Amino acid sequence: QVQLVESGGGFMQAGGSLMLSCAASGLTFSRTTMGWFRQAPGNEREFVASIGWIGGGTRYADSVKGRFTITRDNAKNTVYLQMSSLKPEDTAVYYCAATPNPWATRRDDYLYWGQGTQVTVSS
């Protein structure tokens, strides 16, 4: 059974930093594309960042480029999202997602989802 468990969310003032972690189990992590998505109240769940398992290539939403960094540690079956220069518009529930598809680009490409962790950024 695949499990994705996020941690690291919380409350932060604008301009601050937070790091999210997602621990995965029940899958072959080294052959899994990992992604982060977020959903603010009243909005659809949107893509934030992803890291592939072939070459470790990364992708970012335009809204977070230069501020967020996604990394992975295959030895720990964990993916991270380092968030810096946080803005109030980054406030959302952040979800970790996984798929064996090395070319995953869309939300629907992801098979497994965590329960989410709340990030709140105050102005």
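The values are calculated or read from the model by the stated rules, or taken from the named source; none is laboratory data. Because the structure is predicted, anything quoted here is derived from the model rather than measured. Backbone-built Cβ (ideal geometry, glycine too); neighbour counts: all protein chains shown. The accessibility values were calculated without ligands, DNA or RNA, using every heavy atom of the protein model including side chains. Shrake-Rupley method; radii C 1.70, N 1.55, O 1.52, S 1.80 Å.
Taking into account only those residues within the stretch 83-104 that are in a loop (DSSP other than H, G, I, E, B) and not small (Gly, Ala, Ser), which is nearest to residue 43 (Cα to Cα)? Walk me through how you get there before you give the answer.
Applying the first criterion (in a loop (DSSP other than H, G, I, E, B)) to the stretch 83-104 yields 84-87, 91, 100-104.
When the remaining residues are screened for being not small (Gly, Ala, Ser), the result is 86-87, 91, 100-103.
Numbers: 86: 19, 87: 17, 91: 12, 100: 27, 101: 26, 102: 27, 103: 25 Å.
Checking each candidate, the answer is 91.
If you go through the stretch 9-60 one residue at a time, how many are aliphatic (A, V, I, L, M) and modelled with pLDDT under 95? Final tally of qualifying residues: 1.
Note on the stretch 7-40: residues that are part of a strand (DSSP E or B) and surrounded by fewer than 22 Cβ atoms within 10 Å (Cβ to Cβ) amount to 11.
Scanning the stretch 77-112 for residues that are among the hydrophobic types (A, V, I, L, M, F, W, C) and over 17 Å from residue 22 (Cβ atoms) yields 86, 103.
The single condition among (1) in a strand (DSSP E or B); (2) farther than 20 Å from residue 112 by Cα that residue 47 does not satisfy is (2). Here the condition is being at pLDDT 95 or above, open to solvent by 20 Å² or more (accessible area, probe 1.4 Å) and either closer than 15 Å to residue 10 by Cα or of a type in the set (Lys, Arg) (or both); of 63, 84, it holds for 84 alone.
Restricting attention to the stretch 105-119, does a residue exist that is in a loop (DSSP other than H, G, I, E, B), touching a helix residue (DSSP H, G or I) at 6+ places or on another chain (Cβ under 7 Å) and open to solvent by 70 Å² or more (accessible area, probe 1.4 Å)? No, the stretch 105-119 has no match at all.
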